[in-house]
Each structure stands twice: as structure tokens, then as C-alpha cells.
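S.K.: Below is the structure I would like to discuss, written out as C-alpha cells.
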Amino acid sequence: MMTSEKGRDWLDYLKFAMEALGLAALIVYTGYTVRMYHANKLAADAAKTAAEAAQEQARLSRKQMEGVSAADVEIARNGDIEVFFHTPRSGEVRMNLINGGHVIARDTHLSVALSIQGSGPGSQRRRIFTKDEAIPALRPSSGVNRPDFIYPFQVSPSEYKEILNADACLIVDGSFDYENGFDKRVGPQKFCLAYVWGPAQFGRWVGACADAAMKMHEAKGVSLN
């Protein structure tokens, strides 16, 4: 009887020992798994942080490079557009775009319109022409030797008389936009210039469209004196 009880005790101890050993193994395995998870997470977080830092550095470098080297398109000759009559009633509009940046400006769009604007209150502009240009590539340049865009035009005898008497003026307006070489679209950049003719004492004035009415009034005053 004692032998049987001792046998059961031994089996119980063995069972307890096996369970304790299994629990210890589970604890060790769990601890190892947790450590591996944290180690992997730290490595993943470090890799993500490094990748984000690299992306941010690349973005800043690209932004800095864009600020220094991007295409910079503008109307040549300090924003001036030539408008003149080479014979009575017949004239030309001449203009040029220049790229003052360091990379090629891509896919430049230019829109130009010429109109006649009367001096009277509420006078409506009468459109003479509208032109649209597409320039696939505009290379960097430090200067311009000739106008790239020449637009002939004609006015009627009455319109020509109005212009010379400062009862009307010519208006050139439009816009242009372009890709600056860094996948960024710039524009549209709008422009509007007025051209007022008057007597010899006045000459010809070129300036902002908003000042055209005042300058036509000024030219009329000179002619009356």
C-alpha cells in the first residue's frame, strides 16, 4: 500500500516538474518573442525614420535647386511690347519671351490680344486680333536680339483718326504660363499695356492699362493748348 502511494507521489512530482518546466519554457519563449518584437519594431521604426529623413532631405534639396535653377519666363525688354504704325492704318505688335532661369521652360503657352479702347465713359474695347502660341521648349538666355512674335494689324480710317487724336488708344493684353523644369506649372501671368498717341508735344505714351484714360485726357489737354 505504501509502495503504491509512493509511486503516485513520484508521478505527481514528475507531473508537477514537467508542468513547471513547460511553464518556464513558455515564459522564456514569451520573453524571447516580446524581445524580438520590440527589436524588430525598433529596427522598423529606425528604418522608417531614416527613410522619412532621406525623403525630407531630398525634398529640401529639390526645393533649393528649384529656387536657384528653375526656369523664369518673362516678357523681354523689361516687360515692354512694341506697338507701332509703319504706314497709316497698318502696324505691328512685336514681343518676345525670355527665360532668365537655368533650365529649359517646357510647354509655354502665350495668349496675346490687341484692342482699341475709347476714351469716353463706358467705352467698350473693340478686339482687333487674338493670337495663341505654344512653345515646346524655351531655353535659358541672357538677352534677346530680335522679336520672336510679330503680329501685323490694320485699323479703319476712323479708328486711326481716333487713335491719333487721343480719342482712343491701343491695348495689348494677355497671359502666359509654363512648366519651370521641376514639374511645377507657373502662371498664368497676366499683362496689359496701353499705347496712347498725341500731338508732338505729348508723343507716345506706354504704360499700365489702368492709366490709359488719364493719359488720353492728358494728351487731349496738350492738343488743346
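The values are calculated or read from the model by the stated rules, or taken from the named source; none is laboratory data. What you are looking at is a predicted structure, and each value in this text was computed from that prediction instead of being measured. Here the Cβ is made from the backbone with ideal geometry for all residues, glycine too, and neighbour counts use every protein chain on show.
S.K.: Looking at (1) over 16 Å from ILE81 (Cα atoms); (2) at pLDDT 95 or above, can you tell me which one ARG125 breaks?
M.R.: (2)
S.K.: Right, next: I need a count of the residues in the stretch 107-145 that are free of Cβ contacts under 8 Å to residues at least 60 places away in the same chain and not acidic (Asp, Glu).
M.R.: Within the stretch 107-145, the subset free of Cβ contacts under 8 Å to residues at least 60 places away in the same chain is 114-116, 118, 120-137, 139, 141-143, 145.
If we keep only those that are not acidic (Asp, Glu) too, we end up with 114-116, 118, 120-131, 134-137, 139, 141-143, 145.
Final tally of qualifying residues: 25.
S.K.: Name the residues in the stretch 162-187 that are within 14 Å of ARG106 (Cα to Cα) and not basic (Lys, Arg), would you?
M.R.: So in the stretch 162-187, the residues within 14 Å of ARG106 (Cα to Cα) come out as 176-187.
Residues satisfying the conditions are PHE176, ASP177, TYR178, GLU179, ASN180, GLY181, PHE182, ASP183, VAL186, GLY187.
S.K.: OK, next. Looking for something among the hydrophobic types (A, V, I, L, M, F, W, C), closer than 22 Å to ILE135 by Cβ and under 36 Å from the mean Cα position of the chain (by Cα) - is there at least one such residue anywhere in the stretch 204-212?
M.R.: no
S.K.: Of a type in the set (Asp, Glu), at pLDDT 90 or above, in contact with a Phe, Trp or Tyr (Cβ under 9 Å, 6 or more places away or on another chain) and surrounded by fewer than 17 Cβ atoms within 10 Å (Cβ to Cβ): does that describe ASP107? Give the derivation first.
M.R.: Working: of a type in the set (Asp, Glu): yes; at pLDDT 90 or above: yes; in contact with a Phe, Trp or Tyr (Cβ under 9 Å, 6 or more places away or on another chain): yes; surrounded by fewer than 17 Cβ atoms within 10 Å (Cβ to Cβ): yes.
So ASP107 fits the description; yes.
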